[in-house]
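Heads up: the structure comes next, in structure tokens.
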Amino acid sequence: MEPPLTLNTASLRHVFRTAEHWLELNREPVNAINVYPVPDGDTGTNMLLTLRAACEAGDAREPADENVGAYMQAIARGALLGARGNSGVILSQIIRGLADSLAESIDGPEEVGGAAMRGGLAAAAEAAYGAVAEPVEGTMLTVIREAAAAAGATPQDATLGDVLEVADTEAEASVERTPTLLPKLAEAGVVDAGGLGVSLLLAGMRYGYLGQQLPEPMATEASTVELSGVAHGGHGYCTEFVVVGSGLDREQLHVALDQAGGESVLVVGYDDALHIHVHMVDPGPAISAGAAVGALESVKVENMQAQHDSWTGGHERSCPPVELHALGLVVVTQGDGIATAFRELGASQIVDGGPTANPSAGELLEAARGAGREHVFLLPNDSNVILAAEQAAAQEPELITVIATRSVAGGFGAALAYAPEGDAEAVGAAMRDAIEGVHCVEVTRSVRETVVEGVDVGLGDAIVLVDGTLVARADSLDKALMTGLDAVLNGVADGADLVTVYLGSDAPAGAGERVPALIEAAHGHIEVEVVHGGQSHYPYILGVE
Amino acid sequence: MTVRIVTDSTADLPVELAAKHRIEVVPLTVLFGDEALLDGVDIDTDTFFERLARSPELPTSSQPSPAAFRERYEQLVREGATEILSIHLAGSLSGTLASAQQGAEGLDVRVEHVDSGLASLALGLGVLKAGRVIEAGGSLDEAKAQVEDQFSRTRAYFVLDTLDYLLHGGRIGRVSHVFGTMLKVKPVLTFENGEVVQLARARTQAKALEKGIELAQERFPLEVAGTMHAVAPERMQAVADRLHELAPDVPIVTGTLGPTIGVHAGPGAVGFTVISSPAPGG
């Protein structure tokens with residue numbers, strides 16, 4: 001069947017329904033790459049639900065032969081009221097711009113042709129930008145603008161099919177370019193999720209127009225996302241609601257939300273209904289500002305930190321550098337006490353991570369980029385982090401040197417030899433040398449059944465690792481600690497004169513007094529220092545030197 | 001021409017050694033509260049550290065007055081000195097050098113001053129060098145040139161048991177970033193351009209001294225070395241033994257940190273100084 005030259009209300013309905021279906025099929029791939037503005041993994045869902053609300057509002061206006069302008073206004077209003085999230089609100093503006101334009105400039109009686117679609121897309125782009133106080137390029141704004149511009153450049157007599165094809169093709173290309181415009185995307189190794197959503201919308205509309213069967217959806221590639229690239233501006237709550245009233249002043253409400261400390265503020269809609277989207281530490285003032293001007297509907301408040309944590313696995317945390325030295329020091333560790341000790345030794349960035357939460361290469365790269373003026377040393381402090389550290393260093397070989405520490409104790413050895421200025425090569429060599437003299441004893445409880453040196457280890461048994469290798473199980477954490485210490489002392493030719501005990505957050509009560517006494521009783525010549533490391537999973541970590 | 005040598009008490013020269021080489025030592029003052037004690041005159045090293053251990057408050061130090069230098073210079077002139085070489089503690093660490101320069105103003109003999117940029121035995125060994133040049137019949141200019149040359153080949157290494165004294169005395173310089181509350185850290189300190197700076201750091205004093213010796217080996221071969229301590233003779237001896245092992249033919253002078261240096265280094269401090277051999281042909 002040949003595609004029609006123009007669209008009437010019934011065929012427009014099919015076009016939008018197909019777009020909705022196409023977005024639904026690709027929802028997860030979009031969610032998976034959602035890193036901007038807040039990495040909460042719901043862009044695909046939000047755009048889909050917004051488009052669905054739009055289509056449902058259009059369907060509710062039977063009969064099907066109602067005029068195109070009225071149908072478009074219906075879906076625009078449906079999108080506005082049903083918009084979800086930042087991306088949904090912007091999508092609702094795209095639909096509204098399209099609707100307003102089509103309602104005004106329909107080619108011929110009640111039908112949409114090429115010229116109307118050209119104008120509609122241009123208006124859609126304009127409306128999208130109008131929703132955002134400070135437009136950021138490399139986002140869905142860019143994609144709709146570039147798609148509209150390409151469509152606008154088609155000849156005056158271009159058919160609807162031509163216009164949709166050009167817009168769709170350009171949108172796809174524009175999505176691919178988003179990482180070049182928005183560094184966060186490049187760091188995360190993704191294209192913009194919202195931009196992809198716009199491209200899917202246009203592709204879906206075109207499939208609907210052509211009456212084609214939908215192809216296979218995209219694959220979900222969550223694993224390729226570098227979590228670290230993900231700037232996390234979103235603390236507090238994402239708050240959304242609709243205010244219904246009369247004579248609503250969009251500008252005024254926007255200003256009120258700004259003044260209340262709102263971020264990512266979006267206020268869109270009509271004088272009788274506004275959709276509000278705002279990020280705030282406390283959602284209360286935002287809701288009050290809305291309630292002051294009208295009746296609230298569809299109030300939705302989400303904890304962005306919780307969203308972010310569930311999306312990233314909760315392992316991104318870095319601290320801003322206090323003072324940028326020529327030579328920076330980035331340390332991967334966990335435990336507040338241990339992190340503080342590393343900072344006191346000069347660490348400019350701490351990346352949260354350890355045996356159970358390995359940071360990604362991108363996360364390390366981002367931390368390193370802000371850590372030193374000339375060169376940065378990276379201490380992975382865990383054998384499972386070394387590879388990611390080396391991947392990060394491979395991205396910036398001139399900037400980053402990995403000092404392959406496999407434990408916290410080794411990390412402290414290296415950090416002691418760190419100097420904030422000087423010859424990077426010499427400092428790096430000194431740090432490497434310094435690891436040699438420090439051995440690490442880690443005491444934990446087994447999380448699985450296994451066999452160590454012919455000994456069965458049961459779930460929850462106390463076990464001890466020396467320099468990352470499981471050496472024994474014991475009846476208690478204290479015994480495990482002493483067994484590990486003996487193993488180190490037996491293997492060290494010169495003996496040891498200092499043991500630093502890092503107490504974990506779940507160290508047994510009284511360990512701070514008991515452990516030094518135990519060690520001093522067995523090895524009188526050894527000085528023992530106790531540090532409240534605060535690390536999880538490992539009640540005791542010992543540095544033996 | 002009769003040339004006499006003057007230094008101050010921070011050179012940590014034993015009294016008999018100074019006397020032997022006719023070196024005049026102008027004392028700095030150590031203050032316990034309001035009680036002012038002249039370093040090496042009113043209080044000796046052992047008494048100082050005993051008192052320090054009992055003292056509820058940390059002592060401070062103060063430079064000699066210009067008048068103190070003036071009197072000493074005038075006395076030397078009366079004894080027949082026609083020229084004076086006055087060699088002192090780093091001018092950036094103390095006003096001692098400035099006092100000495102003021103004290104020499106208007107004097108009708110030539111007085112030359114040398115800023116060692118150093119302290120303790122590193123300074124003292126330079127003063128002894130000047131004494132020997134003069135004893136051998138050298139001129140003031142020769143002595144001054146040789147002393148300055150020796151200071152350029154001198155490096156001092158200190159490892160303090162605690163940085164509290166250095167902090168209290170305000171001579172912390174660029175060492176301040178090593179302060180921490182979580183881990184004990186022992187920095188290896190030196191004088192660089194008259195400032196106290198950190199060369200390296202370790203977790204124990206023994207390891208820090210080991211590190212210091214490792215760094216010092218870059219300056220071998222040596223002409224002479226010195227070791228010193230504040231109530232830590234055994235740790236100092238270990239350093240002397242290690243230096244002797246590494247440089248068997250090099251004379252090693254040992255000494256104690258006197259009261260003024262003790263105010264800033266605190267008990268338990270161990271240091272050593274190395275003086276590289278002059279470059280061949282130089």
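Restricting the search to segment A:398-410, which residues are within 12 Å of chain B (Cβ to nearest Cβ) and under 16 Å from A:GLY353 (Cβ atoms)? Lay out the reasoning, then the answer.
First pass over segment A:398-410, keeping only residues within 12 Å of chain B (Cβ to nearest Cβ): A:408-409.
Once the filter is applied, which keeps residues that are within 12 Å of chain B (Cβ to nearest Cβ) and under 16 Å from A:GLY353 (Cβ atoms), segment A:398-410 yields only A:VAL408.
If we keep just the residues of segment A:422-449 that are among the acidic types (Asp, Glu), surrounded by fewer than 18 Cβ atoms within 10 Å (Cβ to Cβ) and away from chain B (no Cβ under 14 Å), which is nearest to A:ILE541 (Cα to Cα)?
Residues of segment A:422-449 among the acidic types (Asp, Glu): A:423, A:425, A:433, A:436, A:442, A:449.
Retained after the next criterion (residues that are surrounded by fewer than 18 Cβ atoms within 10 Å (Cβ to Cβ)): A:423, A:425, A:433, A:436, A:449.
Remaining after also requiring away from chain B (no Cβ under 14 Å): A:425, A:449.
Values: A:GLU425: 30, A:GLU449: 22 Å.
The extreme case among them is A:GLU449.
Which one is nearest to A:VAL544 (Cα to Cα) among residues in segment A:382-421 that are β-branched (Val, Ile, Thr) and surrounded by fewer than 24 Cβ atoms within 10 Å (Cβ to Cβ)?
Here is the first cut: in segment A:382-421, the ones β-branched (Val, Ile, Thr) are A:385-386, A:400-403, A:405, A:408.
Remaining after also requiring surrounded by fewer than 24 Cβ atoms within 10 Å (Cβ to Cβ): A:386, A:401.
Values: A:ILE386: 22, A:THR401: 25 Å.
So the residue we want is A:ILE386.
If the Cβ limit is 7 Å and pairs must be 6+ apart or interchain, which residue in segment A:480-509 that is in the same structural domain as A:ALA462 (by TED's automatic domain parsing) pairs with which residue that is of a type in the set (Asp, Glu) and buried (at least 21 other Cβ atoms within 10 Å of the Cβ)?
Hits for this filter: A:ALA496/A:GLU545; A:LEU498/A:GLU545.
If I ask for residues that are surrounded by fewer than 24 Cβ atoms within 10 Å (Cβ to Cβ) and at pLDDT below 85, which ones from segment A:2-27 would you list?
Within segment A:2-27, A:GLU2, A:PRO3, A:PRO4, A:LEU5, A:THR6, A:ASN8, A:THR9, A:ALA10 meet the criteria.
Among the residues of segment A:336-381, what is the count of those that are surrounded by fewer than 22 Cβ atoms within 10 Å (Cβ to Cβ), within 14 Å of chain B (Cβ to nearest Cβ) and not acidic (Asp, Glu)?
Going through segment A:336-381 one residue at a time, the tally reaches 3.
Of all strands (runs of 3 or more DSSP E) completely enclosed by segment A:455-519, which ones contain at least 1 residues that are closer than 23 Å to A:GLY534 by Cα, of a type outside the set (A, V, I, L, M, F, W, C) and away from chain B (no Cβ under 14 Å)?
Values: elements: A:455-457, A:462-466, A:469-474, A:498-503.
By residue number, A:469-474.
Take the conditions modelled with pLDDT of 90 or more, more than 12 Å from chain A (Cβ to nearest Cβ), surrounded by 18 or more Cβ atoms within 10 Å (Cβ to Cβ) and at negative phi and apply them to B:VAL159. Does it pass? Walk me through it before giving the result.
Details: modelled with pLDDT of 90 or more: yes; more than 12 Å from chain A (Cβ to nearest Cβ): yes; surrounded by 18 or more Cβ atoms within 10 Å (Cβ to Cβ): yes; at negative phi: yes.
Yes.
Out of B:THR45, B:THR10, B:THR96, I need the residue that is outside the structural domain of B:GLU142 (by TED's automatic domain parsing) and surrounded by 19 or more Cβ atoms within 10 Å (Cβ to Cβ). Which one? Spell out how you get there, then give the answer.
Numbers: B:THR10 fails: outside the structural domain of B:GLU142 (by TED's automatic domain parsing); B:THR96 fails: outside the structural domain of B:GLU142 (by TED's automatic domain parsing).
Only one candidate passes the filter, namely B:THR45.
Read through the list (1) without any contact (Cβ under 8 Å) to a residue 40 or more places away in the chain; (2) of a type in the set (D, E, K, R); (3) closer than 27 Å to A:ALA388 by Cα; (4) buried (at least 16 other Cβ atoms within 10 Å of the Cβ), then give the number of the only condition that A:ASP461 fails.
Result: A:ASP461 fails condition (3) only.
Quick grid of which residues meet (1) more than 24 Å from A:ALA341 (Cβ to Cβ); (2) among the small types (Gly, Ala, Ser):
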| position | (1), (2) |
| --- | --- |
| A:ALA462 | yes, yes |
| A:ALA472 | yes, yes |
| A:LYS479 | yes, no |
| A:TYR502 | no, no |
| A:GLY512 | no, yes |
| A:VAL515 | no, no |
| A:ILE519 | no, no |
| A:ALA522 | yes, yes |
| A:HIS525 | yes, no |
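Does A:GLY269 satisfy the criteria of being at positive phi and not in a loop (DSSP other than H, G, I, E, B)?
On the way: at positive phi: yes; not in a loop (DSSP other than H, G, I, E, B): yes.
Criteria met by A:GLY269.
It is to be established whether one or more residues within segment B:207-230 are within 12 Å of chain A (Cβ to nearest Cβ), part of a helix (DSSP H, G or I) and farther than 30 Å from B:PRO280 by Cα.
Checked against the condition, which is being within 12 Å of chain A (Cβ to nearest Cβ), part of a helix (DSSP H, G or I) and farther than 30 Å from B:PRO280 by Cα, segment B:207-230 yields at least one hit.
Could you tell me whether any residue of segment A:148-156 is surrounded by fewer than 24 Cβ atoms within 10 Å (Cβ to Cβ), within 26 Å of A:LEU274 (Cα to Cα) and modelled with pLDDT under 90?
Taking segment A:148-156 as the starting set, the residues that turn out to be surrounded by fewer than 24 Cβ atoms within 10 Å (Cβ to Cβ) are A:149-150, A:152-156.
Then keep just the ones that are within 26 Å of A:LEU274 (Cα to Cα); that gives none.
No: segment A:148-156 contains no residue that is surrounded by fewer than 24 Cβ atoms within 10 Å (Cβ to Cβ), within 26 Å of A:LEU274 (Cα to Cα) and modelled with pLDDT under 90.
When you check B:ALA247 against the structure, is it farther than 30 Å from B:ALA53 by Cβ and surrounded by 22 or more Cβ atoms within 10 Å (Cβ to Cβ), yes or no? Give the steps one after another, and end with the answer.
Values: farther than 30 Å from B:ALA53 by Cβ: yes; surrounded by 22 or more Cβ atoms within 10 Å (Cβ to Cβ): no.
Spelling it out, it is not the case that B:ALA247 is farther than 30 Å from B:ALA53 by Cβ and surrounded by 22 or more Cβ atoms within 10 Å (Cβ to Cβ).
With respect to A:HIS525, is the statement that it is within 14 Å of chain B (Cβ to nearest Cβ) and in a loop (DSSP other than H, G, I, E, B) true? Explain how you work it out, then say what you get.
Details: within 14 Å of chain B (Cβ to nearest Cβ): yes; in a loop (DSSP other than H, G, I, E, B): yes.
It is true that A:HIS525 is within 14 Å of chain B (Cβ to nearest Cβ) and in a loop (DSSP other than H, G, I, E, B).
The values are calculated or read from the model by the stated rules, or taken from the named source; none is laboratory data. The structure presented is a predicted model; accordingly, all values stated were derived computationally and were not measured. Neighbour counts are summed over all protein chains in view; Cβ atoms, including those assigned to glycine, are modelled from backbone coordinates with ideal geometry.
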